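Here is the structure we will look at.
The values are calculated or read from the model by the stated rules, or taken from the named source; none is laboratory data. Predicted model only: the values in this text are computed from it and were never measured. Here the Cβ positions follow ideal geometry from the backbone for every residue, glycine too, while neighbour counts run over all protein chains shown. Side chains included, ligands, DNA and RNA excluded: accessible areas come from the protein's heavy atoms. Shrake-Rupley method; radii C 1.70, N 1.55, O 1.52, S 1.80 Å.
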Amino acid sequence: MESVIVAIDGPSGTGKSSTSKAVAAKLGLSYLDTGAQYRAITWWMISNGVDVTDAEAVANAASKPVIVSGTDPGRPTITVDGADAAGPIRTEEVTSKVSAVSAVPEVRSLITELQRSIARSAEHGIVVEGRDIGTTVLPDADLKIFLTASPEARAARRSGELKGADVHATKEALIKRDAADSSRKTSPLAKAGDAVEVDTTDLTLDQVIECVVTLVDEKRTAAK
Ligand SMILES: Nc1ncnc2c1ncn2[C@@H]1O[C@H](COP(=O)(O)OP(=O)(O)O)[C@@H](O)[C@H]1O
Ligand SMILES: Nc1ccn([C@@H]2O[C@H](COP(=O)(O)OP(=O)(O)O)[C@@H](O)[C@H]2O)c(=O)n1
């Protein structure tokens, strides 16, 4: 197997970004954070006065922003209309509004096409992380992983990143976002039938990375 495509899905705080970046760096693959793309389009909607609760308004504006993702796992980047969006997409406002924007089918089809074209052009292969990569974006991925963890572990990890954040409030917000992402009509957060589920609650990040690298190696050996 020359080039390998790895899909890593799961809810917030399960370790998708940290695992995907490290696995891609170790194996010399590209890396794509699809959540950052949905956050970027949400940031553009907010900055341009689009009411994110108005699905029709969001759909009408969806093709306007130009979103570009840099796929080096050592230095992933994201720009919107040429402006660096890495900071602004992580605000609480974007986090609270992203599920509404990402549920709009027009947004999903545009971003899905963008993701497929990035995956196609990755010379040595790519690790793509998100919510619907194994089910919808790249159903033919060589390896699909679905990460899970208890809500308590996920909230503790997330609030550890946000200075002064209350673990209880973080847990409630996270559960609300999972519910919205899992219940939307168009490509909801879901485990693909052929994905390997890894519960990261009691694993260190290094153990999760090791587990995924081993699974990729096994796939490569089997394909020889
Ligand atoms: N297995 C783990 N054990 C402890 N902390 C972890 C583990 N995996 C990730 N983390 C930490 O949890 C936080 C969220 O991880 P991240 O990779 O951003 O998750 P996701 O992309 O699924 O939202 C980060 O601060 C990361 O360092
Ligand atoms: N493939 C994807 C990735 C993210 N998303 C949406 O984008 C949001 C932000 O994703 P993220 O991966 O940045 O979220 P965190 O897990 O990092 O908090 C999710 O809550 C989903 O609403 C999606 O719909 N499909």
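Residue 64 meets the conditions (1) open to solvent by 30 Å² or more (accessible area, probe 1.4 Å); (2) outside any helix (DSSP H, G or I); (3) farther than 25 Å from residue 82 by Cα in every case but one. The failed one is (3). Screening the candidates 189, 203 for the property of being more than 19 Å from the chain's Cα centre (by Cα) and buried (at least 16 other Cβ atoms within 10 Å of the Cβ) yields one hit, 203.
Of all residues in the stretch 137-190, those satisfying the criterion of being closer than 29 Å to residue 216 by Cα, hydrophobic (A, V, I, L, M, F, W, C) and assigned to a loop (DSSP other than H, G, I, E, B) are 138, 141, 149, 189, 190. Being open to solvent by 60 Å² or more (accessible area, probe 1.4 Å), polar (S, T, N, Q) and either farther than 30 Å from residue 91 by Cα or part of a helix (DSSP H, G or I) (or both): is that true of residue 221 here? Yes, satisfied. Every condition in (1) near ligand 2 (Cβ under 10 Å from one of its atoms); (2) open to solvent by 30 Å² or more (accessible area, probe 1.4 Å) is met by residue 7 except one, and the failing one is (2). When you look at residue 119, is it within 13 Å of ligand 2 (Cβ to nearest atom) and over 16 Å from the mean Cα position of the chain (by Cα), yes or no? In short, no. Going through (1) open to solvent by 20 Å² or more (accessible area, probe 1.4 Å); (2) more than 16 Å from ligand 2 (Cβ to nearest atom); (3) of a type in the set (A, V, I, L, M); (4) in contact (Cβ under 8 Å) with a residue 40 or more places away in the chain one by one, residue 209 falls short only on (1). Being among the aromatic types (Phe, Trp, Tyr) and more than 16 Å from ligand 1 (Cβ to nearest atom), is that true of even one residue in the stretch 35-52? Within the stretch 35-52 (the criterion being among the aromatic types (Phe, Trp, Tyr) and more than 16 Å from ligand 1 (Cβ to nearest atom)), the answer is yes, since at least one residue qualifies.
Considering each residue of the stretch 41-58, count those that are part of a loop (DSSP other than H, G, I, E, B) and within 14 Å of ligand 2 (Cβ to nearest atom), and give that number. Qualifying residue count for the region: 1. For the stretch 18-40, the tally of residues that are under 20 Å from residue 108 (Cα atoms) and either surrounded by fewer than 23 Cβ atoms within 10 Å (Cβ to Cβ) or near ligand 2 (Cβ under 8 Å from one of its atoms) (or both) stands at 7.
For the stretch 72-94, name all the residues that are among the aliphatic types (A, V, I, L, M) and open to solvent by 40 Å² or more (accessible area, probe 1.4 Å). Matches in the stretch 72-94: 83, 86.
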